[in-house]
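Report on one structure; see the data block that follows.
The values are calculated or read from the model by the stated rules, or taken from the named source; none is laboratory data. No experiment lies behind these values; they were computed from the predicted model shown. Here Cβ is always computed from backbone atoms with ideal geometry, including for glycine, and neighbour counts include all displayed protein chains. Accessible surface areas use protein heavy atoms only, side chains included; no ligands, DNA or RNA. Shrake-Rupley method; radii C 1.70, N 1.55, O 1.52, S 1.80 Å.
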Amino acid sequence: MKKRSAPLEEKDEDGRMSSGTSSKIQRTEVGKSQMDHLSQEIHLTHQEILKLRGERAALTAAWAAVLGTEEKEEKEKALKGAIDKLDDKIQKTKAELKDVRKEFKEAAAMEIDESGGVNTENSAGGDYAKALAEAEKREAGDAKISKFLPMVLLTVCTGFIPGFTEFVKDEAKIMEDKGIKGILIFGRRCFIQVVKEFRRIRKKYIDDVDRLRFCILAGQSGIGKSFAFSQIYMREAFIQREKVAFYSVREATIYLFSIEDGKYKCQEARVRSSKFWNSKAWKMFEDKSAHLIIDPAPGLGHGHFMMHDVKKAYVVYLTSPNRELGKFEDHIKDVRRTTLFVPALAIEESKVIATELKEEESVFLKRIERTGGQLRDFIRKDRYEHFKNNQYYNALKVSSKMFSVQPSTTEETLLYGEECVIVPQSEWIKSKIFQLYAEKNLKKFHRIRWREMVLC
(Lines give C-alpha, C1' and ligand atoms only; values in the text may rest on other atoms or scores of the structure.)
Protein backbone atom coordinates (compact mmCIF):
# COMPACT_ATOMS: atom_id res chain seq x y z
CA MET A 1 0.00 0.00 0.00
CA LYS A 2 1.27 3.47 -0.90
CA LYS A 3 2.20 5.91 1.81
CA ARG A 4 -0.33 8.68 2.32
CA SER A 5 0.80 12.04 1.03
CA ALA A 6 0.40 15.19 3.10
CA PRO A 7 -2.27 17.72 2.02
CA LEU A 8 -0.94 20.09 -0.60
CA GLU A 9 -1.01 23.84 0.01
CA GLU A 10 -2.66 25.82 -2.74
CA LYS A 11 -0.73 28.71 -4.29
CA ASP A 12 -1.68 31.47 -6.65
CA GLU A 13 0.06 32.36 -9.90
CA ASP A 14 2.70 34.36 -8.02
CA GLY A 15 3.50 31.47 -5.72
CA ARG A 16 1.80 33.07 -2.70
CA MET A 17 -0.43 31.10 -0.38
CA SER A 18 -4.14 31.62 -0.99
CA SER A 19 -6.62 31.85 1.90
CA GLY A 20 -10.30 31.59 2.76
CA THR A 21 -12.53 29.36 0.71
CA SER A 22 -9.80 27.98 -1.59
CA SER A 23 -7.71 26.63 1.28
CA LYS A 24 -10.69 24.94 2.87
CA ILE A 25 -11.72 23.40 -0.45
CA GLN A 26 -8.14 22.13 -0.89
CA ARG A 27 -8.15 20.52 2.57
CA THR A 28 -11.56 19.01 1.94
CA GLU A 29 -10.56 17.53 -1.42
CA VAL A 30 -7.31 16.07 -0.06
CA GLY A 31 -9.09 14.53 2.93
CA LYS A 32 -11.79 12.98 0.78
CA SER A 33 -9.20 11.70 -1.70
CA GLN A 34 -7.27 9.96 1.09
CA MET A 35 -10.40 8.31 2.45
CA ASP A 36 -11.59 7.22 -1.01
CA HIS A 37 -8.17 5.70 -1.74
CA LEU A 38 -8.06 3.75 1.53
CA SER A 39 -11.67 2.59 1.17
CA GLN A 40 -10.89 1.27 -2.32
CA GLU A 41 -7.78 -0.48 -1.00
CA ILE A 42 -9.81 -2.19 1.73
CA HIS A 43 -12.35 -3.34 -0.86
CA LEU A 44 -9.64 -4.80 -3.11
CA THR A 45 -7.95 -6.50 -0.19
CA HIS A 46 -11.25 -8.06 0.87
CA GLN A 47 -11.69 -9.39 -2.67
CA GLU A 48 -8.18 -10.86 -2.60
CA ILE A 49 -8.92 -12.63 0.70
CA LEU A 50 -12.13 -14.13 -0.64
CA LYS A 51 -10.25 -15.36 -3.73
CA LEU A 52 -7.55 -17.04 -1.62
CA ARG A 53 -10.09 -18.62 0.71
CA GLY A 54 -11.93 -20.06 -2.30
CA GLU A 55 -8.65 -21.38 -3.69
CA ARG A 56 -7.82 -23.03 -0.38
CA ALA A 57 -11.20 -24.78 -0.25
CA ALA A 58 -10.80 -26.09 -3.86
CA LEU A 59 -7.25 -27.30 -3.26
CA THR A 60 -8.26 -29.01 -0.04
CA ALA A 61 -10.97 -30.97 -1.84
CA ALA A 62 -8.72 -31.95 -4.81
CA TRP A 63 -5.73 -32.98 -2.76
CA ALA A 64 -7.64 -34.96 -0.21
CA ALA A 65 -7.43 -38.21 -2.23
CA VAL A 66 -3.89 -37.91 -3.65
CA LEU A 67 -1.79 -35.93 -1.22
CA GLY A 68 -0.32 -37.23 1.91
CA THR A 69 -1.27 -35.71 5.18
CA GLU A 70 2.11 -34.02 5.63
CA GLU A 71 2.16 -32.42 2.14
CA LYS A 72 -1.48 -31.29 2.48
CA GLU A 73 -0.81 -29.63 5.82
CA GLU A 74 2.21 -27.80 4.37
CA LYS A 75 0.15 -26.41 1.47
CA GLU A 76 -2.70 -25.37 3.74
CA LYS A 77 -0.24 -23.74 6.12
CA ALA A 78 1.17 -21.68 3.23
CA LEU A 79 -2.32 -20.61 2.13
CA LYS A 80 -3.35 -19.80 5.70
CA GLY A 81 -0.20 -17.71 6.13
CA ALA A 82 -1.07 -15.68 3.01
CA ILE A 83 -4.63 -15.19 4.21
CA ASP A 84 -3.51 -14.17 7.70
CA LYS A 85 -1.11 -11.65 6.19
CA LEU A 86 -3.94 -10.14 4.14
CA ASP A 87 -6.21 -10.09 7.20
CA ASP A 88 -3.53 -8.13 9.03
CA LYS A 89 -3.25 -5.77 6.10
CA ILE A 90 -7.01 -5.18 6.20
CA GLN A 91 -6.94 -4.33 9.91
CA LYS A 92 -4.05 -1.90 9.45
CA THR A 93 -5.77 -0.27 6.47
CA LYS A 94 -9.02 0.04 8.43
CA ALA A 95 -7.15 1.66 11.32
CA GLU A 96 -5.47 4.09 8.92
CA LEU A 97 -8.82 4.94 7.36
CA LYS A 98 -10.25 5.56 10.83
CA ASP A 99 -7.36 7.93 11.62
CA VAL A 100 -7.83 9.83 8.38
CA ARG A 101 -11.54 10.22 9.03
CA LYS A 102 -10.85 11.38 12.57
CA GLU A 103 -8.26 13.92 11.43
CA PHE A 104 -10.57 15.19 8.73
CA LYS A 105 -13.54 15.58 11.12
CA GLU A 106 -11.40 17.22 13.82
CA ALA A 107 -10.00 19.72 11.31
CA ALA A 108 -13.49 20.56 10.08
CA ALA A 109 -14.85 20.81 13.64
CA MET A 110 -11.95 23.01 14.70
CA GLU A 111 -12.56 25.37 11.82
CA ILE A 112 -16.25 25.58 12.70
CA ASP A 113 -15.57 26.00 16.43
CA GLU A 114 -12.85 28.57 16.04
CA SER A 115 -14.03 30.71 13.16
CA GLY A 116 -17.56 29.43 12.71
CA GLY A 117 -16.83 28.28 9.18
CA VAL A 118 -14.92 29.76 6.31
CA ASN A 119 -12.84 32.84 7.06
CA THR A 120 -13.42 34.61 3.76
CA GLU A 121 -12.54 37.92 2.22
CA ASN A 122 -15.48 40.29 1.88
CA SER A 123 -14.70 42.42 -1.17
CA ALA A 124 -17.56 44.80 -0.38
CA GLY A 125 -16.02 45.46 3.05
CA GLY A 126 -12.96 47.20 1.63
CA ASP A 127 -15.14 49.42 -0.56
CA TYR A 128 -17.33 50.21 2.45
CA ALA A 129 -14.37 51.30 4.59
CA LYS A 130 -13.20 53.62 1.82
CA ALA A 131 -16.72 55.02 1.30
CA LEU A 132 -17.21 55.68 5.02
CA ALA A 133 -13.84 57.40 5.43
CA GLU A 134 -14.54 59.59 2.40
CA ALA A 135 -18.25 60.18 3.12
CA GLU A 136 -19.62 63.67 2.62
CA LYS A 137 -19.81 65.39 6.00
CA ARG A 138 -21.86 68.42 6.99
CA GLU A 139 -23.59 69.96 9.99
CA ALA A 140 -27.33 70.43 10.42
CA GLY A 141 -29.19 72.39 13.12
CA ASP A 142 -28.40 75.54 15.04
CA ALA A 143 -26.45 75.28 18.29
CA LYS A 144 -28.24 78.45 19.50
CA ILE A 145 -31.55 76.61 19.42
CA SER A 146 -30.48 73.56 21.43
CA LYS A 147 -27.49 72.11 23.22
CA PHE A 148 -28.17 68.88 21.27
CA LEU A 149 -27.29 70.62 18.00
CA PRO A 150 -25.70 70.74 15.53
CA MET A 151 -25.88 67.18 14.27
CA VAL A 152 -23.15 65.82 11.98
CA LEU A 153 -24.60 64.21 8.86
CA LEU A 154 -22.72 61.66 6.78
CA THR A 155 -23.80 60.60 3.30
CA VAL A 156 -22.35 57.17 2.60
CA CYS A 157 -22.59 55.65 -0.85
CA THR A 158 -22.43 51.94 -0.08
CA GLY A 159 -24.48 48.81 -0.50
CA PHE A 160 -22.88 47.09 2.48
CA ILE A 161 -22.49 47.99 6.16
CA PRO A 162 -21.22 45.28 8.58
CA GLY A 163 -23.93 44.00 10.88
CA PHE A 164 -26.72 45.71 8.94
CA THR A 165 -26.93 43.81 5.66
CA GLU A 166 -30.72 43.73 5.31
CA PHE A 167 -31.21 47.17 6.86
CA VAL A 168 -28.96 48.76 4.26
CA LYS A 169 -30.96 47.25 1.41
CA ASP A 170 -34.23 48.63 2.81
CA GLU A 171 -32.70 52.00 3.68
CA ALA A 172 -31.15 52.43 0.24
CA LYS A 173 -34.57 51.90 -1.35
CA ILE A 174 -36.21 54.44 0.98
CA MET A 175 -33.49 57.02 0.29
CA GLU A 176 -33.82 56.47 -3.44
CA ASP A 177 -37.59 56.99 -3.27
CA LYS A 178 -36.99 60.29 -1.46
CA GLY A 179 -34.46 61.41 -4.06
CA ILE A 180 -31.57 61.19 -1.59
CA LYS A 181 -28.29 59.84 -2.88
CA GLY A 182 -26.59 57.33 -0.60
CA ILE A 183 -27.46 56.48 3.01
CA LEU A 184 -27.81 59.24 5.61
CA ILE A 185 -26.17 58.69 8.98
CA PHE A 186 -27.25 61.07 11.73
CA GLY A 187 -24.27 61.79 13.93
CA ARG A 188 -25.80 63.11 17.11
CA ARG A 189 -23.73 65.62 19.02
CA CYS A 190 -23.59 63.33 22.05
CA PHE A 191 -22.19 60.56 19.80
CA ILE A 192 -19.42 62.85 18.57
CA GLN A 193 -18.50 63.64 22.18
CA VAL A 194 -18.48 59.97 23.18
CA VAL A 195 -16.22 59.09 20.22
CA LYS A 196 -13.86 61.85 21.31
CA GLU A 197 -13.82 60.54 24.90
CA PHE A 198 -13.34 56.88 23.93
CA ARG A 199 -10.46 57.80 21.63
CA ARG A 200 -8.87 59.85 24.40
CA ILE A 201 -8.99 56.79 26.68
CA ARG A 202 -7.65 54.58 23.89
CA LYS A 203 -4.66 56.87 23.32
CA LYS A 204 -3.69 56.51 26.97
CA TYR A 205 -3.95 52.74 26.60
CA ILE A 206 -1.86 52.68 23.41
CA ASP A 207 0.75 54.94 25.02
CA ASP A 208 0.94 52.68 28.12
CA VAL A 209 -0.26 55.54 30.34
CA ASP A 210 -3.35 53.61 31.48
CA ARG A 211 -4.38 49.96 31.18
CA LEU A 212 -8.09 50.72 30.86
CA ARG A 213 -9.35 49.22 27.58
CA PHE A 214 -13.07 48.50 28.11
CA CYS A 215 -15.59 51.20 27.20
CA ILE A 216 -19.37 50.90 27.34
CA LEU A 217 -21.90 53.11 25.58
CA ALA A 218 -25.37 52.76 27.10
CA GLY A 219 -28.71 54.28 26.21
CA GLN A 220 -32.26 53.19 25.61
CA SER A 221 -33.01 50.99 22.63
CA GLY A 222 -33.51 52.46 19.18
CA ILE A 223 -31.62 55.74 19.58
CA GLY A 224 -28.84 54.99 17.10
CA LYS A 225 -26.17 53.34 19.27
CA SER A 226 -25.62 50.29 17.08
CA PHE A 227 -25.94 51.87 13.67
CA ALA A 228 -25.20 55.61 13.79
CA PHE A 229 -22.66 55.59 16.63
CA SER A 230 -20.76 52.60 15.27
CA GLN A 231 -20.41 54.34 11.89
CA ILE A 232 -19.19 57.60 13.46
CA TYR A 233 -16.71 55.63 15.59
CA MET A 234 -15.46 53.41 12.75
CA ARG A 235 -15.12 56.38 10.41
CA GLU A 236 -12.56 57.98 12.74
CA ALA A 237 -10.65 54.70 12.96
CA PHE A 238 -10.68 54.27 9.17
CA ILE A 239 -9.45 57.81 8.63
CA GLN A 240 -6.54 57.06 10.96
CA ARG A 241 -5.89 53.75 9.12
CA GLU A 242 -6.47 51.66 12.26
CA LYS A 243 -7.54 48.02 12.57
CA VAL A 244 -11.22 47.52 13.38
CA ALA A 245 -13.24 44.42 14.27
CA PHE A 246 -17.03 44.64 14.34
CA TYR A 247 -18.73 41.70 16.09
CA SER A 248 -22.44 41.46 15.28
CA VAL A 249 -23.95 39.05 17.79
CA ARG A 250 -27.25 39.06 15.90
CA GLU A 251 -25.51 37.92 12.70
CA ALA A 252 -23.09 35.65 14.63
CA THR A 253 -20.40 37.19 12.43
CA ILE A 254 -17.26 39.22 12.97
CA TYR A 255 -15.83 41.60 10.36
CA LEU A 256 -12.08 42.23 10.50
CA PHE A 257 -10.80 45.39 8.78
CA SER A 258 -7.08 45.92 8.24
CA ILE A 259 -4.75 47.66 5.81
CA GLU A 260 -3.15 45.54 3.10
CA ASP A 261 -1.15 47.00 0.21
CA GLY A 262 -2.29 50.48 1.20
CA LYS A 263 -6.01 49.61 1.12
CA TYR A 264 -8.56 48.32 3.59
CA LYS A 265 -9.36 44.62 3.34
CA CYS A 266 -12.24 42.96 5.15
CA GLN A 267 -12.24 39.36 6.36
CA GLU A 268 -15.43 37.94 7.82
CA ALA A 269 -15.94 34.81 9.90
CA ARG A 270 -18.81 33.12 11.65
CA VAL A 271 -18.58 33.10 15.45
CA ARG A 272 -20.42 30.01 16.66
CA SER A 273 -18.51 29.38 19.87
CA SER A 274 -16.10 31.03 22.28
CA LYS A 275 -13.24 29.09 20.66
CA PHE A 276 -13.15 31.68 17.89
CA TRP A 277 -11.04 33.97 20.10
CA ASN A 278 -8.29 31.31 20.13
CA SER A 279 -8.44 30.84 16.37
CA LYS A 280 -5.63 31.70 14.00
CA ALA A 281 -7.82 34.32 12.31
CA TRP A 282 -8.28 36.30 15.53
CA LYS A 283 -4.78 35.77 16.89
CA MET A 284 -3.24 37.09 13.67
CA PHE A 285 -5.56 40.11 13.71
CA GLU A 286 -5.49 41.13 17.36
CA ASP A 287 -2.94 43.53 18.73
CA LYS A 288 -2.98 46.53 21.04
CA SER A 289 -3.96 48.93 18.26
CA ALA A 290 -7.06 46.96 17.20
CA HIS A 291 -10.58 48.15 17.99
CA LEU A 292 -13.21 45.54 18.86
CA ILE A 293 -16.78 46.86 18.65
CA ILE A 294 -19.43 44.52 20.06
CA ASP A 295 -23.06 44.97 19.05
CA PRO A 296 -25.12 42.66 21.33
CA ALA A 297 -28.48 41.11 20.49
CA PRO A 298 -31.66 40.83 22.59
CA GLY A 299 -31.60 37.61 24.56
CA LEU A 300 -28.03 36.83 23.43
CA GLY A 301 -26.20 39.72 25.08
CA HIS A 302 -22.48 39.72 24.25
CA GLY A 303 -22.76 36.36 22.46
CA HIS A 304 -19.55 34.28 22.48
CA PHE A 305 -17.25 37.10 23.55
CA MET A 306 -14.68 35.90 26.09
CA MET A 307 -12.85 38.61 27.99
CA HIS A 308 -9.91 36.43 29.02
CA ASP A 309 -9.21 35.38 25.41
CA VAL A 310 -9.27 38.94 24.06
CA LYS A 311 -6.03 40.05 25.61
CA LYS A 312 -5.00 43.21 23.73
CA ALA A 313 -7.79 44.77 21.65
CA TYR A 314 -9.54 47.96 22.75
CA VAL A 315 -13.17 46.94 23.42
CA VAL A 316 -16.25 49.12 22.84
CA TYR A 317 -19.60 47.63 23.92
CA LEU A 318 -22.91 49.14 22.71
CA THR A 319 -25.88 48.34 24.94
CA SER A 320 -29.21 49.28 26.44
CA PRO A 321 -29.26 49.80 30.25
CA ASN A 322 -30.94 46.45 30.85
CA ARG A 323 -29.97 42.75 30.96
CA GLU A 324 -27.49 43.21 28.10
CA LEU A 325 -25.49 45.61 30.24
CA GLY A 326 -25.94 43.59 33.43
CA LYS A 327 -24.67 40.36 31.86
CA PHE A 328 -21.70 42.08 30.28
CA GLU A 329 -20.71 43.70 33.58
CA ASP A 330 -21.06 40.32 35.29
CA HIS A 331 -18.81 38.80 32.60
CA ILE A 332 -15.99 41.33 32.90
CA LYS A 333 -16.47 41.39 36.70
CA ASP A 334 -14.01 43.73 38.42
CA VAL A 335 -12.13 44.77 35.30
CA ARG A 336 -11.94 48.53 35.01
CA ARG A 337 -14.29 50.07 32.48
CA THR A 338 -15.71 53.44 31.48
CA THR A 339 -19.49 53.64 31.00
CA LEU A 340 -21.09 56.61 29.27
CA PHE A 341 -24.82 57.10 28.87
CA VAL A 342 -26.55 58.98 26.07
CA PRO A 343 -30.13 60.26 26.04
CA ALA A 344 -33.06 59.51 23.79
CA LEU A 345 -33.53 61.89 20.88
CA ALA A 346 -34.56 65.43 21.78
CA ILE A 347 -37.38 67.26 20.01
CA GLU A 348 -34.87 69.53 18.27
CA GLU A 349 -32.98 66.54 16.89
CA SER A 350 -36.16 64.98 15.54
CA LYS A 351 -37.00 68.22 13.71
CA VAL A 352 -33.62 68.16 11.97
CA ILE A 353 -34.13 64.52 10.98
CA ALA A 354 -37.61 65.30 9.64
CA THR A 355 -36.23 68.10 7.48
CA GLU A 356 -33.38 65.97 6.12
CA LEU A 357 -35.72 63.08 5.31
CA LYS A 358 -38.28 65.43 3.72
CA GLU A 359 -40.95 64.55 6.28
CA GLU A 360 -43.45 66.78 8.10
CA GLU A 361 -42.26 67.92 11.53
CA SER A 362 -45.74 67.55 13.04
CA VAL A 363 -45.84 63.86 12.07
CA PHE A 364 -42.48 63.18 13.69
CA LEU A 365 -43.40 65.12 16.83
CA LYS A 366 -46.56 63.07 17.24
CA ARG A 367 -44.61 59.85 16.86
CA ILE A 368 -41.90 60.92 19.30
CA GLU A 369 -44.53 61.58 21.97
CA ARG A 370 -45.57 57.95 21.72
CA THR A 371 -42.16 56.31 21.34
CA GLY A 372 -40.17 58.36 23.82
CA GLY A 373 -37.43 59.51 21.47
CA GLN A 374 -36.61 56.16 19.88
CA LEU A 375 -35.30 57.00 16.44
CA ARG A 376 -35.74 53.44 15.19
CA ASP A 377 -39.48 53.46 15.98
CA PHE A 378 -40.52 56.94 14.84
CA ILE A 379 -38.38 57.42 11.74
CA ARG A 380 -40.43 54.96 9.63
CA LYS A 381 -44.20 54.69 9.49
CA ASP A 382 -44.32 50.88 9.43
CA ARG A 383 -42.04 50.58 12.46
CA TYR A 384 -44.07 53.22 14.31
CA GLU A 385 -47.37 51.41 13.67
CA HIS A 386 -45.86 48.13 14.83
CA PHE A 387 -44.51 49.80 17.98
CA LYS A 388 -47.83 51.49 18.75
CA ASN A 389 -49.85 48.30 18.30
CA ASN A 390 -47.62 46.52 20.82
CA GLN A 391 -48.26 49.01 23.62
CA TYR A 392 -51.06 47.26 25.45
CA TYR A 393 -52.88 49.33 28.04
CA ASN A 394 -53.92 46.42 30.25
CA ALA A 395 -50.40 44.97 30.37
CA LEU A 396 -48.35 48.13 30.43
CA LYS A 397 -44.69 47.23 30.62
CA VAL A 398 -42.12 49.90 31.27
CA SER A 399 -38.60 48.82 30.33
CA SER A 400 -35.40 50.60 29.40
CA LYS A 401 -37.05 51.43 26.09
CA MET A 402 -39.40 53.78 27.92
CA PHE A 403 -36.90 55.57 30.09
CA SER A 404 -34.45 58.35 29.49
CA VAL A 405 -31.27 58.81 31.48
CA GLN A 406 -30.72 62.07 33.28
CA PRO A 407 -27.58 64.19 32.80
CA SER A 408 -24.77 63.90 35.28
CA THR A 409 -22.53 66.70 36.45
CA THR A 410 -19.74 66.45 33.92
CA GLU A 411 -17.88 69.01 31.87
CA GLU A 412 -19.40 67.49 28.76
CA THR A 413 -23.03 68.50 29.09
CA LEU A 414 -24.23 65.73 26.81
CA LEU A 415 -22.41 62.88 28.47
CA TYR A 416 -24.82 61.15 30.80
CA GLY A 417 -24.31 59.35 34.10
CA GLU A 418 -26.19 56.67 36.02
CA GLU A 419 -27.72 58.84 38.76
CA CYS A 420 -31.27 58.36 37.54
CA VAL A 421 -32.70 55.92 35.03
CA ILE A 422 -36.34 55.91 36.12
CA VAL A 423 -37.94 59.01 34.55
CA PRO A 424 -40.21 58.07 31.63
CA GLN A 425 -39.49 59.98 28.46
CA SER A 426 -42.63 59.01 26.56
CA GLU A 427 -45.56 61.39 27.03
CA TRP A 428 -47.90 58.52 26.24
CA ILE A 429 -46.44 56.39 29.02
CA LYS A 430 -46.67 59.32 31.44
CA SER A 431 -50.34 59.77 30.66
CA LYS A 432 -51.03 56.09 31.32
CA ILE A 433 -49.11 56.20 34.59
CA PHE A 434 -51.10 59.24 35.75
CA GLN A 435 -54.34 57.56 34.70
CA LEU A 436 -53.53 54.42 36.67
CA TYR A 437 -52.50 56.52 39.64
CA ALA A 438 -55.81 58.39 39.58
CA GLU A 439 -57.63 55.06 39.45
CA LYS A 440 -55.51 53.85 42.41
CA ASN A 441 -54.23 50.96 40.31
CA LEU A 442 -50.65 52.08 40.47
CA LYS A 443 -48.99 50.25 43.34
CA LYS A 444 -45.29 50.84 42.86
CA PHE A 445 -42.38 50.47 40.53
CA HIS A 446 -40.08 47.51 40.99
CA ARG A 447 -36.71 48.99 40.17
CA ILE A 448 -33.75 46.70 39.62
CA ARG A 449 -30.57 48.35 38.49
CA TRP A 450 -29.88 47.72 34.80
CA ARG A 451 -32.77 45.28 34.64
CA GLU A 452 -36.23 45.53 33.17
CA MET A 453 -38.62 47.72 35.16
CA VAL A 454 -42.22 46.52 35.32
CA LEU A 455 -45.24 48.63 36.15
CA CYS A 456 -47.48 46.61 38.49
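Values for this structure:
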item: Cβ-derived FRET efficiency at R0 30 Å, H386 paired with D330, nearest 0.05; result: 0.40
item: Probe 1.4 Å, accessible area per residue of the stretch 113-190, Å²; result: 47 Å²
item: By average C-beta atoms within 10 angstrom, highest first, the peptides 205-215, 243-253; result: 243-253, 205-215
item: Packing rank of 308-320, 377-389, where each peptide gets the mean count of other beta carbons within 10 Å, highest leading; result: 308-320, 377-389
item: Calculated over the stretch 291-387: convex hull of Cα atoms, volume per residue (Å³); result: 126 Å³
item: Anisotropy class of the stretch 193-275 from Cα gyration tensor, a/c 1.5 cut; result: rounded
item: Unsatisfied cross-links (Cα-Cα over 22 Å) in the set K92/K280; K169/K225; K196/K243; result: K92/K280
item: Theoretical gain in end-to-end length, I206 to I239 [0.36 nm per residue, Cα-Cα removed]; result: 10.1 nm
item: Euclidean distance of C-alpha centroids, the stretch 197-211 and the stretch 147-195, integer Å; result: 28 Å
item: Mean Cβ neighbour count within 10 Å, used as a protection proxy, ranking 228-239, 142-153 highest first; result: 228-239, 142-153
